[in-house]
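This report concerns only the one structure given below.
The values are calculated or read from the model by the stated rules, or taken from the named source; none is laboratory data. What you see is a predicted model; the values in this text were computed from it and never measured. All Cβ positions, glycine included, derive from the backbone under ideal geometry; neighbour counts span all protein chains shown. The area values use the complete protein model at the heavy-atom level, side chains included, leaving out ligands, DNA and RNA. Shrake-Rupley method; radii C 1.70, N 1.55, O 1.52, S 1.80 Å.
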Amino acid sequence: MTIAIHWFRRDLRLSDNPALLRAAQSGTVLPVFILEDNQPLGGASRAWLHRSLDALNTALNGTLRVFTGDAATILPQLVNETGATTVTWTRRYDATGIETDTALKAALSDQGISVISENGALLWEPWEVKKADGTPYRVFTPFYRKGCLSAAPPRAPLPAPDLTLSDAPNPTQIDDLNLIPTPRWDIDTLAHWSPGEAGAQARLDTFLQDGIINYKDGRNIPADPKVSRLSPHLAFGEISPNTVWHSARQLPASQDRDHFLSELGWREFSYSLLFHNGDIATRNLNAKFDAFPWAEATALLTAWQKGQTGIPIVDAGMRELWQTGYMHNRVRMIVASFLVKNLLIHWHHGLHWFDDTLFDADPANNPASWQWVAGSGADAAPYFRIFNPVTQSQKFDPDGRYIRTYVPEIAALPDRSLHAPWEAPALVLKAANITLGTTYPMPLVDLKDSRARALAAFDETKTA
Ligand code: FAD
């Protein structure tokens, strides 16, 4: 009997998992997960991971072996202990992951072990999507249109393999990974979700049945369920981008369908940026921003994190994040812009908060998106385009449904005053039982003044 270890990482699924298929073709499969010391996860991701591993273990008839520590030590030991002759994994694109995998591949190959890595995370490998001069794209539209869409189409999804699973003893249980938070906030928050492969597939099916109709415009309205909410499932690889891509492609051509596909293209772009810039989470891709005069992150950061900024759309977004582990994309852009431009707080602080609180916290999408909003990214929103959160709120939550869901203390305000309560006449505030500064905060900053301050700060980077 030959044994093939499949090392699960962010590919927590059986279907369309090319590396798992290779393991199944090589022998009896010993499925393994390692909670690696050098791949820290935020609190929300840990809670999600616990449930996702449970689901995977059930699908594997309870044979998933889990470990905590250093993969470079654990895997060679496991190979020796079990006599495995093959190790398979799905490729990853972050610098630490690549370093670990490269070293492990060399060490295991030296021991005569066959190491097989496959692409199960991206539609196109980042090193295949390059400009004519061989350099990586820095701008999304040509990356997607010229680089991706004119290349060979993404591989069609593969079926789940017929697995012969190892009956090696399973000494460590998923609970031993200590992923469950104390206190148990996850019970309520995860009630909005179904982590695991079956939940991911169900989410995709529901979205493709009706969510995708009017996606192109509807995706901007945070109160409407016009987005897929597939992001945590994609971040943990509970469904492959190929499955999502090909399922959507089967729908009749429409602007909505193509726009949805292009969002998967943004995911590819983020991964390309991560692959080509291993330090994207710590370094400004645009070096001019190294001279940016960021403000101290003090009580203002805490107010932002708690959804107590006094700007209703920002507070609604930050509270949605806290209560559901998710925030709508439009609102992510608004709250991020408010933090880095109106409060002048370094994007690192926003990135870390999102890493800790988002179920979909993703090593590529999160830093690439923060740098995009901050203006320091490769293909960033120009710095001088500063979102006015009130105008955004009036445009994308005109009837205030989103704000009223998450900021109930101002729900009684009429629509015209809801987006900027500090401008409401005293009588209107009184009728709604609101005392600004007591029942709801005054805005942390004046939007006009802080905008001017941000532009002045940006000017400093130009002369640096
Ligand atoms: P849909 O609109 O249904 O899109 C489908 C899929 O396409 C998403 O699941 C996602 O994988 C991908 N996608 C959509 N928009 C983007 C985008 N702008 N960039 C890259 N991929 C995209 N996304 C994450 O997955 N993880 C993060 O940690 C993350 N952090 C972000 C931080 C900031 C400051 C901003 C502005 C955006 C961030 N995003 C992140 C991108 C985007 O907000 C989410 O992917 C999206 O809101 C997820 O919801 P959905 O699955 O319903 O999206």
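Rounded to two decimal places and with Rh computed the Kirkwood way over Cα pairs, what is Rg over Rh for segment 3-120?
On the way: Rg = 13.4 Å, Rh = 14.4 Å.
Radius of gyration relative to Kirkwood radius: 0.93.
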*Separation in nanometres of the label points that stand 7 Å from Cα toward Cβ, at Asp162 and Glu423*: 6.8
*asked:* If you split all Cα-Cα distances of segment 287-463 into 10 Å bins from zero, what percentages do you get per bin, shortest first?
replied: 10, 39, 35, 14, 2, 0
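Can you pull the percent of the chain's accessible area that's carbon plus sulfur, 1.4 Å probe, other chains left in place?
Looking at the chain in its full context, I get 53 percent from C and S.
Rounding to the nearest 20 debye, state how big the charge dipole of the chain is about its Cα centre with +1 on each Lys and Arg Cβ and -1 on each Asp and Glu Cβ.
Values: 42 positive and 50 negative charges, 272 e Å.
It works out to roughly 1300 debye.
Would you mind calculating the gained length between Gln77 and Asp399 on full extension (0.36 nm times residue separation, minus the Cα-Cα distance), in nm to one decimal?
Values: separation 322, 0.36 × 322 = 115.92 nm, distance 5.98 nm.
Value of the extension gain: 109.9 nm.
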*Quick one: grab the alpha carbon gyration tensor of segment 204-267, order the square roots of its eigenvalues as a ≥ b ≥ c, and give me rounded if a/c is under 1.5, else prolate or oblate depending on whether a/b is larger than b/c.*
oblate
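Per the Kirkwood definition applied to all pairs of different Cα atoms, how many angstroms is the hydrodynamic radius of segment 375-464? Mind dumping the intermediate values first?
Values: mean 1/r = 0.0661 Å⁻¹.
Hydrodynamic radius (Kirkwood, Cα pairs) of segment 375-464 is 15.1 Å.
Could you do me a favour and compute the accessible area per residue for segment 254-404, 1.4 Å probe, result in Å²? Can you show the working numbers first?
On the way: 5050 Å² over 151 residues.
That works out to 33 Å² per residue.
Using a 1.4 angstrom probe, figure out how much accessible area segment 3-120 has per residue, in square angstrom, rounded to the nearest whole.
Values: 4030 Å² over 118 residues.
So segment 3-120 comes to 34 Å² accessible per residue, rounded to a whole number.
With a Förster radius of 45 Å, plug the Cβ-Cβ distance of Asp210 and Lys306 into 1/(1 + (r/R0)^6) and report the FRET value to the nearest 0.05.
Numbers: r = 35 Å, r/R0 = 0.78.
It comes to 0.80.
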*Rounded to whole Å and sorted largest first, list the principal axis extents of the Cα atoms in segment 335-404.*
35, 30, 21
*When each pair of different Cα atoms in the chain is counted once in the 1/r mean, what is the Kirkwood radius in angstroms, to one decimal?*
23.7
*Distance from a point 7 Å along Cα→Cβ of Thr438 to each backbone N in segment 304-343: keep the residues under 19 Å and list them by number.*
310
_Greater than 22 Å apart at Cα, pairs in Lys105/Lys130; Lys216/Lys395; Lys130/Lys216; Lys341/Lys395; Lys226/Lys341; Lys306/Lys395_ = Lys105/Lys130; Lys130/Lys216; Lys226/Lys341; Lys306/Lys395
*Mind listing the Cα extents of segment 56-151 along all three principal axes, in Å, largest one first?*
49, 34, 22
_As I understand it, the value is the acute angle between the Cα axis of helix 447-463 and the longest principal axis of the Cα atoms of the chain; what does it come to in degrees, rounded to 10?_
60
*Express in nm, to one decimal, how much length is gained between Arg184 and Thr96 on full extension, taking 0.36 nm for each residue of separation and deducting their alpha carbon distance.*
28.6 nm
_Gain on full stretching of the segment that runs from Gln39 to Ala198 - 0.36 nm per residue minus C-alpha separation_ = 54.7 nm
_Three-way shape label, segment 58-214, alpha-carbon gyration tensor, a/c 1.5_ = oblate
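Once the Cβ-Cβ distance between His352 and Met1 is put in as r, and R0 is 41 Å, what FRET efficiency do you end up with, to the nearest 0.05?
Numbers: r = 47 Å, r/R0 = 1.14.
Once rounded, the FRET efficiency stands at 0.30.
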_Under 21 Å between alpha carbons, and skipping anything fewer than 8 positions from Lys131 in its own chain: which lysines qualify?_
Lys146
